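Written out below as structure tokens is the structure these notes cover.
Just so it is clear, none of the values below were taken in a lab; they were calculated from the coordinates. What you see is a predicted model, and the numbers here were worked out from it, not measured in a lab. Glycine gets a Cβ as well: all are built from the backbone with ideal geometry, and neighbour counts include every protein chain shown.
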Amino acid sequence: MSDYRATGWFLNEWMAALGYTQASLARAANWKRAKMSRVCRGVTPYNREIVEELGLVMGLAPHELMLPPESPILRKSNQV
């Protein structure tokens, strides 16, 4: 089930796909768990700084967090 409607982006889906929990991603980003929880639930809306910071930590381009991990656009762009 997608959290996209609640949050406006696919952070939770990417976390699941890459094996992150809220706690592990918070540690990797050097964030407090409360901040990560608010971002994951959509209480704190995403912004450019958040998307860029979490993308860097997760090894993703910021725009990838706007698409579901199974997106055919991503599969096509990663083919050489």
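Observations
- Taking every alpha-carbon pair under 8 Å whose residues sit at least 6 apart, the chain reaches a relative contact order of 34 percent.
- MRE, 222 nm, helices only [DSSP H, n ≥ 4, -39500 (n - 2.57), over the chain, to nearest 500]: -15000 deg cm²/dmol
- Unit charges at the beta carbon, dipole of the stretch 4-77: most positive-side option, L18, A6, L65: A6
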